[in-house]
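Each reported figure results from applying straightforward, stated rules to the coordinates on display, with no laboratory input. A quick note: this is a predicted structure, and the numbers were derived from the prediction, not measured. Positions of Cβ are backbone-derived with ideal geometry, glycine not excepted, and every protein chain shown enters the neighbour counts.
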Amino acid sequence: MGTIRLGIVGACGRGASFRTACEAMGDIAIEAVCDLQAEALGLAAARLGARRQFTDYAAMLEGCDLDAVIIGTPMQFHVPMAVQALRRDISVLCEVTAGVSIDECRDLVAACKASRGVYMMAENYTYMRPNVIVREMVRRGVFGQTYYGEGEYLHELKALNEKTTWRRTWQTGIAGVTYGTHSLGPLLQWHPGERVTRVCCAGSGHHCRDPRGNTYENDESTVMLCRLGGGGLLKIRVDMLSDRPHA
């Protein structure tokens, strides 16, 4: 395959963060960018070196001959946008999480199976140096057989909830582990060939309020146990509300 013709949606926000990766690849041409923030789109296009600009995602897919798209929009748009691209046989690199419901994930799987395009979830923690080192140690057998792992994502987001309001609904406005892939991604790499077959979650209760005085629907700390197909077990803790440093 020659140069990959790429479109980026969410280009004025998270989508712009993929610039360095695209430049490192060397065989990517950013054909188009898309974002609802029309006033900032010109600057985003200039920074990313894009030839065309759109404020309508469907128009970008229709009007450009794209090989792939990067989806850097809020979580609730990930599956609808991925499915639109896959139905056109356009490959997708999508920010986490993949979807916001089980039904959405089923729709995404069906679209992937029917498409000639390739779907990948852009879980960046799997490529962080410490996690890559552990993955290589597992590959070399340093730990012997791996059958248990733990991961934690502790990132207090109360202020960010107010700036990016979709988080207040889809991350801290729902009970359960709503943002577990930063831990799950590396853990699954340390258990090669495995997949999660069963999940259960429990939370620590509700102790924080948002600026309007409302209790967050998400527990301050939530623990998820994941049973692997081969019998192994993973434990993941997510805390986006407790007053503590990012870890």
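How about region 72-82: which of its residues are free of Cβ contacts under 8 Å to residues at least 60 places away in the same chain, buried (at least 21 other Cβ atoms within 10 Å of the Cβ) and not small (G, A, S)?
Once the filter is applied, which keeps residues that are free of Cβ contacts under 8 Å to residues at least 60 places away in the same chain, buried (at least 21 other Cβ atoms within 10 Å of the Cβ) and not small (G, A, S), region 72-82 yields H78, V79.
Which ones in region 201-212 are part of a strand (DSSP E or B) and more than 28 Å from P130 (Cβ to Cβ)?
R209
Assess whether L241 counts as being in a helix (DSSP H, G or I), under 22 Å from E95 (Cα atoms) and touching a residue at least 40 places away in the same chain (Cβ under 8 Å).
Answer is no for this residue.
Where the second residue is surrounded by 13 or more Cβ atoms within 10 Å (Cβ to Cβ) and among the aromatic types (F, W, Y) and the first is closer than 29 Å to A159 by Cα and lies in region 192-210, which pairs have Cβ atoms under 7 Å and are six or more apart or on separate chains?
Cβ pairs passing all conditions: H206/Y216; C208/Y216; D210/Y216.
So which residues in region 33-47 are hydrophobic (A, V, I, L, M, F, W, C), within 18 Å of A59 (Cα to Cα) and surrounded by fewer than 19 Cβ atoms within 10 Å (Cβ to Cβ)?
Listed by number, the residues that qualify are L36, A38.
Restricting attention to region 6-20, which residues are assigned to a helix (DSSP H, G or I) and within 16 Å of the chain's Cα centre (by Cα)?
The answer is R14, G15, A16, S17, F18.
Which of the residues belonging to region 152-174 are more than 15 Å from G13 (Cα to Cα), assigned to a helix (DSSP H, G or I) and of a type outside the set (G, A, S)?
Residues satisfying the conditions are K158, N161, E162, R168, T169, W170.
Against the condition in contact with a Ser or Thr (Cβ under 6 Å, 6 or more places away or on another chain) and of a type in the set (A, V, I, L, M), how does V238 come out, does it pass?
yes
Residue under question is G176, and the condition is that it be at positive phi, without any contact (Cβ under 8 Å) to a residue 40 or more places away in the chain and not basic (K, R); does it hold?
Judged against the criteria, G176 is not a match.
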